[in-house]
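Bear in mind these aren't lab numbers, they're just calculated from the coordinates by the rules spelled out. Treat the numbers as computed from the prediction; the structure is a model and nothing was measured. Using ideal geometry, Cβ is built from the backbone for each residue, glycine included, and neighbour counts are taken over all protein chains shown.
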There are 2 protein chains.
Amino acid sequence: MDIKTLQDLLDTRRFSEIRNQLSDMQEADIAELLEDLRIRESLLVFRLLPKEIAAEVFSFLDVDRQSKLSSLVSDQELIELMDELNFDDKIDLIEEVPANVVKRILQHSNDTERTLINQFLNYPDDSAGSLMTIEFVGLKKEMTVSKAMATIRQTGVDKETIYTSYVTGHKRTLEGIISLKDLVLSDTEAIIGDIMETDVIFVNTHDDQEYIAEVFKKYDFLSLPVVDNENRLVGIITIDDIVDVIEEETTEDFQRMAAIEPTEIDYLEASTTVLAKKRLPWLVILMFSAYLTEMVMNGNNHLIVQFALAIYTPMLMSTGGNAGAQSATLVIRSITLGDIKFKDFFQVLWKEIRVGLMVGATLGVLNCIRIFITNGDIYRAVMVGLTLICTTTFAAIIGGTLPIVAKKLKLDPAIMASPLITTIVDVTTLLIFFRIATLILA
Amino acid sequence: MDIKTLQDLLDTRRFSEIRNQLSDMQEADIAELLEDLRIRESLLVFRLLPKEIAAEVFSFLDVDRQSKLSSLVSDQELIELMDELNFDDKIDLIEEVPANVVKRILQHSNDTERTLINQFLNYPDDSAGSLMTIEFVGLKKEMTVSKAMATIRQTGVDKETIYTSYVTGHKRTLEGIISLKDLVLSDTEAIIGDIMETDVIFVNTHDDQEYIAEVFKKYDFLSLPVVDNENRLVGIITIDDIVDVIEEETTEDFQRMAAIEPTEIDYLEASTTVLAKKRLPWLVILMFSAYLTEMVMNGNNHLIVQFALAIYTPMLMSTGGNAGAQSATLVIRSITLGDIKFKDFFQVLWKEIRVGLMVGATLGVLNCIRIFITNGDIYRAVMVGLTLICTTTFAAIIGGTLPIVAKKLKLDPAIMASPLITTIVDVTTLLIFFRIATLILA
């Protein structure tokens, strides 16, 4: 069923047909439909669903829609929905809903759960603590494989994953892990302690999500244990959450590289004021930095007037800016993927010098020919061509090296992207251009 | 062990110590060390490893390093390494190695495998066929759970995943799937056909990898079946490959948005010529498009000369370009994540008009004040301020809407990123500026 059909059925109030058609669909698809409806209508459709499907669908909704629905449902419905959520998703939702809904949720939780919720709410955003869930299978190393399988059968239905089990010892310290694959393929009488993996990769509750994503990518894990400062196992992180983290970090990089303050808000949902606030700071900084170009232009006004030089400045600046943006983007992305490190600084520098010269020479010659053909003045043609070579090479060097320097200074390399590079390149381009013009024309 | 220690041990030829220290490490970490060595040294270290570890480490190396090592090892070593690789990784490697190594690999494969390899090599790059592997667990719907578990125990060790099994019928048609979780939690006498999931989400061998990544993200799958045009199950795709696809597609987007021809090559490994070739086409196109700015400047040279207007043009153009880049980036990213569709065109347009006006007004007023203070000429101040409001709003509209139009025209929205937007905005900024200047100053 598509959204148009659903809207038609809603408008003509054919509710039983909606119920029938939706019951055959995947929960994720139903969730997608609900997100496209107005909130009151989505509540109506949501209540048409059989209870067990409804709870599943709810877990697939984005947090914003979950939060809005939570404010509208009855206490009984709220309890059922919260029961179905994994603990990490529950925490995400609690962070989003209005205070009165938080209160309702906490009222219906028992003491242990309330304590846990409060503890999890305190983990910093973007930390392992804020990503992990508590629903994992715990085993003891004295168990046999058949006892372990029995434990999994008893407790597995409520776990986020049963494909890795975690073996803990005294005071919940993490002693090993064992995959369900190994359990299934091992002799039923084998002892967990003998067959478990003891050389376990784990993270700490305060580790940053970007680092955690790297761990997942490097080892091809499906899940990863999280321990506290006393090495006690407190939760696990699963691969589906990591996919979201990668998307989130990428979005942040894109935003920083376009001189936008990173934001997690949905573009269509965000208010004009919020969007403007995220965009203004860098625009203002860059605009005032461009005052330097005004000074350079002013200082060379006699040249501009005498030889009508201003006409070439937009093309020169934009070409330099584009070349710099290319270098910056290639290098920033390689830093993010771990392919370029600080030790590669001089290799990058040398590469950018050569690429810059090669690209600049091509552009310079092409433009030299173009100006000579259209204008007939060889001095002008050479002047613009030479400027292009110098400015493109300079832009390549700046674009390629500044992100590495930023990384070394513990700044996000992404801020050294096109807008900032462009501003630096603009000023330099003008300086180079007027210098060359003075040499050739004067 | 870090790379420096390893290099020291190599230089002093303490091979048994290398062997001992490496044996305690994770295979993925050893692979990372090998990638940082010169190729001959990495072969030496590789041969120091116990056989079973060596094969595992090999599977963690990037394809480039795998390919280089393959050219150097003996036939016997090559056979052992290929045996350890999953089929999808084997195909990736065969696509990379020199022809003589391909020949050696095919010589040591049997007829069935050779046919399969040839078939897989024919799937288009970036298609489901090129991502999938053939190592999945196949079940029949008549089986009981205990028979199914026995099958998994027998065949599971060589499979890419055993956490989902695929139930096929007549002529290998896909009839259902069942997770190991469901198998473990079900009664051992239950019949697979009764408990399997029949409403299976699958993809076709020719589906694009970007679409496949979306399917994984939407449904939170760990693996996904791939069928051919006759609905026969031919392979499966696993989540670890999807993480790579997401990274790859993101890198492509970054490159396109910086006017670079998308390339998968490693920055540090790529030759100067290759990098220059990827960067030149768009630079040339954009440079020649900037000829328009020359025409506009030329046509207004009398104004420039009479009122020294050129000094403001760099700042105006770069501010407009930055504002446009911000809008383009926000919208392109939202399109990629599926948050903005063509039906949202007018909502985006209306939002960008308001944001553009709000941002533009702020920038305009700030600059107006700045120029009035430094220059004292209220006419100039107003002229620049007004231009900023118009140009920022225009840039926001263009940046916000062109990517949506591109998507509708089946182009990659990412090409409508800052470089192209900047060029359009540059010309328009100049036109607006000289028009306003004529009105105010003339």
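Points worth noting:
- Residue of chain B with the Cβ closest to the rotation axis carrying B onto A, and that distance rounded to whole Å: B:Ala310, 2.
- Residue order, fewest to most surrounding Cβ atoms within 10 angstrom, among A:Val384, B:Val359: A:Val384, B:Val359
- Prolate/oblate/rounded label for the stretch B:142-190 (Cα gyration tensor, a/c 1.5): oblate
- Look at the alpha carbon pairs under 8 Å that are at least 6 residues apart: their mean separation over the length of chain A gives a relative contact order of 11 percent.
- Averaged over peptide B:207-220, the number of partner chain Cβ atoms lying within 10 Å of each residue's Cβ comes to 2.
- Rg of the Cα atoms in the protein assembly as shown, relative to 2.2 N^0.38 Å, amounts to 1.06.
- Nm distances between copies for B:Glu261, ranked from closest, using label points 7 Å along Cα→Cβ: 4.1
- Kirkwood hydrodynamic radius of the stretch B:366-434, Cα pairs, Å: 13.4
- In summary, the helical segments of chain B meeting the span-like criteria, namely a full DSSP H run, a Cα extent along the axis of 24 angstrom or more and a mean Kyte-Doolittle hydropathy of at least -0.5, are B:272-289, B:313-336, B:345-375, B:378-408, B:418-441.
- Other-chain or far-sequence residues with amide H under 5 Å of A:Val234's (modelled H): A:Val226, A:Val227, A:Asp228
- The residue list A:Phe15, B:Asn375, B:Ile134 was ranked by how far each Cα lies along the charge dipole of the protein assembly as shown toward its positive end, using unit charges on Cβ atoms, and B:Asn375 comes out on top.
- R0 of 60 Å, Cβ-Cβ distance A:Asp244-A:Asn375: FRET efficiency to nearest 0.05: 0.60
- In this Cβ point-charge picture (+1 for Lys and Arg, -1 for Asp and Glu), chain B has a dipole of about 2260 debye about its Cα centre.
- Tensor-based shape of the stretch B:1-49 (alpha-carbon gyration tensor, a/c under 1.5 rounded, otherwise prolate or oblate): rounded
- Against the rule of thumb 2.2 N^0.38 Å, how large the Cα Rg of chain A comes out: 1.35
- Among A:Leu131, A:Leu363, A:Leu174, residue whose mean-square fluctuation peaks in a GNM of chain A (springs only between Cα atoms under 10 Å): A:Leu363
- GluC sites (Glu not before Pro) within the stretch A:210-287, DSSP loop, no more than 12 other Cβ atoms inside 10 Å: A:Glu230, A:Glu264, A:Glu269
- For B:Glu197, the distances from its label point to the matching points in the remaining copies are 2.4 nm, ordered from shortest, with each point set 7 Å beyond Cα toward Cβ.
- Unsatisfied cross-links (Cα-Cα over 23 Å) in the set A:Lys159/A:Lys218; A:Lys218/A:Lys351; A:Lys341/B:Lys217; A:Lys217/B:Lys159; A:Lys218/A:Lys343: A:Lys159/A:Lys218; A:Lys218/A:Lys351; A:Lys341/B:Lys217
- Inter-copy label distances at B:Gly169 (7 Å, Cα→Cβ; nm, one decimal): 5.4
- Distant-in-sequence amide contacts of B:Gly176, defined by a placed amide H-H separation under 5 Å and a gap of 5 or more residues or a different chain, comprise B:Val167.
- Length-normalised contact order of the stretch B:236-357 in % [C-alpha pairs under 8 Å, at least 6 apart]: 12
- Cut-off under 5 Å, modelled amide H: who pairs with A:Thr164 long-range: A:Leu180
- For the residues A:Lys147, A:Lys408, A:Lys343, a GNM of chain A with alpha-carbon springs under 10 Å puts the largest fluctuation on A:Lys343.
- Projecting the Cα atoms of B:Leu431, B:Ser418, B:Ile404 onto the charge dipole of the stretch B:290-441, computed from C-beta unit charges around the Cα centre, puts B:Ile404 farthest toward the positive end.
- Positive end of the dipole of the protein assembly as shown (Cβ unit charges, origin at the Cα centre): among A:Leu309, B:Leu81, B:Ile105, the Cα lying farthest that way belongs to A:Leu309.
- As an equivalent ellipsoid, the stretch B:3-127 spans semi-axes of 29, 14, 12 angstrom, where each value is the square root of five times an eigenvalue of the C-alpha gyration tensor, largest first.
- Of B:Leu185, B:Leu388, B:Leu49, the residue with the greatest mean-square motion in the GNM of chain B, using alpha carbon springs below 10 Å, is B:Leu185.
- Only Lys, Arg, Asp and Glu carry charge here, each on its Cβ (+1 for the first two, -1 for the last two); on that basis the stretch B:7-134 has a dipole of about 620 debye about its Cα centre.
- In order through the stretch A:169-178: 3J(HN,Hα) via Karplus (6.51 cos²θ - 1.76 cosθ + 1.60), integer Hz, x for Gly, Pro: x, 3, 6, 6, 5, 6, 10, x, 10, 9
- Cα centre as origin, Lys/Arg/Asp/Glu Cβ charges: the stretch A:317-442 dipole, Debye: 280
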